[in-house]
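Engineer: If you scroll down you'll find the structure; I have some questions about it.
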Amino acid sequence: LNRKTEASDLKTYQTVYSKVQGSVAAPTAGLHFTPAVLEALGRRGIERAELTLHVGAGTFEPVKSERIEGHEMHSEWIYVPRRVVEQLLQHGGKCTAVGTTSVRTLESLYYIGQKILKNPDATEDDLKVMQWEPYETSTLSPQPSALNCLQALLAWMDRHHAEALHTSTQIIIAPGYQYHIVERMITNFHQPQSTLLLLVSAFVGGDRWKDIYRYALDNDFRFLSYGDSSILIPS
């Protein structure tokens, strides 16, 4: 921004739908959504669901290791209301995610559902998603669908009379990751050597992220928190 922090940043560096304190940073893809934009989406019949991931400082930790295996993600708390799981099931287990924090939360639900399918008596503590879990060979064969996992999660919530899921995720999404729930992503443009750029690279596949970022640079797009937005739809 080429300026010092101003008092107004306390208000403008926040989404209009923020409710719960806990993150070290705002989910900046959400900064593009004003009350007028949300009303317009509602008039078009586009459903909206809200969930929470308390972003930790580790999200912004640059990848310093030569190989991704050497990077350690911090664990972050997530909160997913029962209604969100029901909405996902109503839409075939697929959605458009706003922001990389939403992506990581939604994709974590797939692995939480897998844990429940393996162990229906799992506790909330058992449902924590570890960093490399998505890349480990599943003991479930055939591999369950997103719908299977979401149905298992909803049934678990029924058994525990839970109106929301409270647990944590350490998931890292990097090239080679297979997306299960998120089919479109709205996100800003991220800095080099970040896990956020790895997540985008995994989403669009191959070297397509380079073409996207080259176009953004050539056309003077703004990067980072107060930057421009994009919607990514894998072909």
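Engineer: Taking the conditions exactly as written (open to solvent by 70 Å² or more (accessible area, probe 1.4 Å), under 17 Å from Thr100 (Cα atoms) and at pLDDT 95 or above), does Arg184 satisfy them or not?
Structural biologist: So Arg184 fits the description; yes.
Engineer: Can you find a residue in region 52-63 that is open to solvent by 40 Å² or more (accessible area, probe 1.4 Å), touching a residue at least 40 places away in the same chain (Cβ under 8 Å), assigned to a loop (DSSP other than H, G, I, E, B) and charged (D, E, K, R)?
Structural biologist: yes
Engineer: Under 6 Å between Cβ atoms, which residue pairs at least 6 apart in sequence (or on different chains) link something in region 210-230 that is on the phi < 0 side of the Ramachandran plot with a partner that is among the acidic types (Asp, Glu) and assigned to a loop (DSSP other than H, G, I, E, B)?
Structural biologist: Going by the 6 Å Cβ cut-off, the qualifying pairs are Phe221/Asp228; Arg222/Asp228.
Engineer: Could you say which residue among Ile173, Ile186 is touching a strand residue (DSSP E or B) at 6+ places or on another chain (Cβ under 9 Å) and either closer than 26 Å to Glu86 by Cβ or without any contact (Cβ under 8 Å) to a residue 60 or more places away in the chain (or both)?
Structural biologist: Ile186
Engineer: Under the condition of being out of contact with any strand residue (DSSP E or B) (no Cβ under 8 Å at 6 or more places or on another chain) and small (Gly, Ala, Ser), which residue from region 108-157 is nearest to Leu88 (Cα to Cα)?
Structural biologist: Going through the qualifying residues, I end up with Ala146.
Engineer: Of the numbered conditions (1) among the polar types (S, T, N, Q); (2) closer than 25 Å to Leu199 by Cα; (3) at pLDDT below 95, Thr34 fails exactly one; give the number of that condition.
Structural biologist: Only one criterion is unmet by Thr34, namely (2).
Engineer: Here's a follow-up. Would you mind stating whether Ser108 is open to solvent by less than 70 Å² (accessible area, probe 1.4 Å), polar (S, T, N, Q) and over 20 Å from the mean Cα position of the chain (by Cα)?
Structural biologist: no
Engineer: Separate question: Take region 76-113 and flag every residue that is over 20 Å from Glu163 (Cα atoms) and either assigned to a helix (DSSP H, G or I) or among the hydroxyl-bearing types (Ser, Thr, Tyr) (or both).
Structural biologist: If the condition is that a residue be over 20 Å from Glu163 (Cα atoms) and either assigned to a helix (DSSP H, G or I) or among the hydroxyl-bearing types (Ser, Thr, Tyr) (or both), then Thr96, Thr100, Thr101, Val103, Arg104 are the ones that fit.
Engineer: Could you run through region 4-48 and say how many residues are more than 22 Å from Leu88 (Cα to Cα), aliphatic (A, V, I, L, M) and open to solvent by 70 Å² or more (accessible area, probe 1.4 Å)?
Structural biologist: So the answer is 5.
Engineer: Do you know which of the residues in region 81-105 that are over 21 Å from Leu199 (Cα atoms) and hydrophobic (A, V, I, L, M, F, W, C) is most open to solvent (accessible area, probe 1.4 Å)?
Structural biologist: Out of the qualifying residues, it is Leu89.
Engineer: In addition: In region 156-179, which residues are open to solvent by 20 Å² or more (accessible area, probe 1.4 Å) and closer than 19 Å to Ile112 by Cα?
Structural biologist: Once the filter is applied, which keeps residues that are open to solvent by 20 Å² or more (accessible area, probe 1.4 Å) and closer than 19 Å to Ile112 by Cα, region 156-179 yields Asp158, Arg159, His160, His161, Glu163, His166, Gln170, Gln178, Tyr179.
Engineer: Residues that are in a loop (DSSP other than H, G, I, E, B) and surrounded by fewer than 21 Cβ atoms within 10 Å (Cβ to Cβ): does region 147-155 have at least one?
Structural biologist: No: zero hits.
Engineer: Could you list, in sequence order, all residues of region 182-235 that are within 19 Å of the chain's Cα centre (by Cα), of a type in the set (A, V, I, L, M) and more than 22 Å from Glu107 (Cβ to Cβ)?
Structural biologist: Within region 182-235, Leu224 is the sole residue that qualifies.
Let's see how each residue does on (1) closer than 16 Å to Ala97 by Cα; (2) of a type outside the set (Phe, Trp, Tyr); (3) surrounded by 13 or more Cβ atoms within 10 Å (Cβ to Cβ); (4) out of contact with any helix residue (DSSP H, G or I) (no Cβ under 8 Å at 6 or more places or on another chain):
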position: Asn188; (1), (2), (3), (4): yes, yes, yes, no
position: Ser194; (1), (2), (3), (4): no, yes, yes, no
position: Leu198; (1), (2), (3), (4): no, yes, yes, no
position: Ala202; (1), (2), (3), (4): yes, yes, yes, yes
position: Arg214; (1), (2), (3), (4): no, yes, no, yes
position: Asp220; (1), (2), (3), (4): no, yes, no, yes
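The values are calculated or read from the model by the stated rules, or taken from the named source; none is laboratory data. Computed from a predicted model, the values in this text were never measured in an experiment. Note: ideal-geometry Cβ built from the backbone for every residue, glycine included; neighbour counts use all protein chains shown. The protein model used for the area step is the full one, side chains on, heavy atoms only, and it has no ligands, DNA or RNA in it. Shrake-Rupley method; radii C 1.70, N 1.55, O 1.52, S 1.80 Å.
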